[in-house]
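Below is one structure, written out as structure tokens, with a few remarks after it.
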Amino acid sequence: MTGNTDVIREALAELDRLGALDDPETACSAASLLAVCGHVALAAPLVERAMPNPRYHELQPPLRHILEVSVDWSRGDLDAAERKLAAAQGSSVPNTRYAALVMGAELARYRGDCGRAVAALEEVRAFRFSNAVSAEALPLFLHSLALCYEKLGDLPKARERNAEMLRLWAKADPDLPMLAEAKALQARLTPAGSSSR
């Protein structure tokens, strides 16, 4: 679940130049957004930068767990990342639970456990709260779901989730790499003798 990392790096460099990332709340907000959208490697340095600030430790533990997952993951300590995600998934705060589910799904995919990834992503897909991140990221989740279902051999579900993603991106820029991947997936998943829409 990644987008154009060059654009994101440029935006982070500009925020840093302006001094905005010196504020732990701003740095953590940016890190949380990056991590939930699949940019764990870009999120981790922001969290590491905020951690020494005393204000960082005033954040609620479930949110700190979510933020620190990106640090553990980037350091290769996937077991610590999973423990923190498990703790955050029990949160009563919808945004924290949502972030934990998304990151848990991505971690499961990263580890090659498509079954766990599908379970978490289907829960994310069904999550019912209004959030700009969830609306923007839904095509990413659907794409991940389609790929996982394909790996699991559930081709009808893979077709269904991929078609859902393509409907959402019907007017998207045709040069987007993920859109090209989804169209290639559609071609792979279309049974011989059928026509794809």
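The values are calculated or read from the model by the stated rules, or taken from the named source; none is laboratory data. It should be emphasised that the depicted structure is a prediction, and the values quoted were computed from it without experimental measurement. Here Cβ is always computed from backbone atoms with ideal geometry, including for glycine, and neighbour counts include all displayed protein chains. Note: areas computed on protein heavy atoms with side chains; ligands, DNA, RNA excluded. Shrake-Rupley method; radii C 1.70, N 1.55, O 1.52, S 1.80 Å.
For helix 94-110, report the angle its Cα long axis makes with the longest principal axis of the Cα atoms of the chain; keep it between 0 and 90° and round to the nearest 10°.
Its long axis makes an angle of about 60 degrees.
Among the lysines, select those whose C-alpha is under 26 Å from the C-alpha of Lys151, and discard any that sit fewer than 8 residues away in the same chain.
Answer for Lys151, where 26 Å is the Cα cut-off: Lys183, listed by chain and number.
Carbon and sulfur: what percent of segment 37-107's accessible surface (1.4 Å probe)?
Working: 1680 of 3120 Å².
The nonpolar share, carbon plus sulfur, comes to 54 percent.
What's the percent breakdown of Cα-Cα distances in segment 12-66 across 10 Å bins, shortest bin first?
The distribution over segment 12-66 is 26, 59, 15, given as percents.
What does the helix-only formula give at 222 nm for the chain: each DSSP H stretch with n ≥ 4 adding -39500 (n - 2.57), the total divided by the residues, and the result rounded to the nearest 500 deg cm²/dmol?
Using -39500 (n - 2.57) per qualifying helix, the result is -23000 deg cm²/dmol.
Explain nothing, just the number: relative contact order of the chain, from Cα pairs under 8 Å at least 6 residues apart, as a whole percent.
After rounding, I find 13 percent.
Sorting check: for 40-49, 11-20, 76-85, which peptide has the highest mean count of neighbouring beta carbons within 10 Å, and how do the rest follow?
The packing order, highest mean first, is 40-49, 76-85, 11-20.
Kindly rank 90-103, 139-152 from highest to lowest mean number of other beta carbons found within 10 Å of each residue.
139-152, 90-103
Just want to confirm a number: the relative contact order over segment 1-106, from Cα pairs under 8 angstrom separated by 6+ residues, in percent.
Working: 121 pairs, mean separation 23.8, N = 106.
Rounded, it is 22 percent for segment 1-106.
For the chain, give me every cysteine whose Cβ has no other Cys Cβ within less than 4.7 Å, ordered by residue number.
Cys28, Cys37
Given a 1.4 Å probe and the protein chains all in place, what does the accessible area of Met51 round to, in Å² to the nearest 10?
60
Quick one: accessible surface of Arg9, probe radius 1.4 Å, all protein chains present, in square angstrom to the nearest 10.
130
Tell me the label-point distance for the pair Leu138, Gln60, using the 7 Å Cα-to-Cβ offset, in nm and rounded to one decimal.
Once both label points are built, they end up 2.5 nm from each other.
Would you mind getting the accessible area per residue of the chain, heavy atoms of the protein chains only, 1.4 Å probe, in Å²?
Here the residues of the chain average 53 Å² of exposed surface.
Can you give the FRET efficiency to the nearest 0.05 for Arg116 and Val93, using r as the Cβ-Cβ distance and R₀ = 25 Å?
On the way: r = 22 Å, r/R0 = 0.90.
Once the sixth-power term is evaluated, E becomes 0.65.
Whole-Hz Karplus ³J(HN,Hα) for segment 167-175, in order, using 6.51 cos²θ - 1.76 cosθ + 1.60 and θ = phi - 60°, x for Gly and Pro?
5, 5, 9, 4, 10, 6, 4, x, 8
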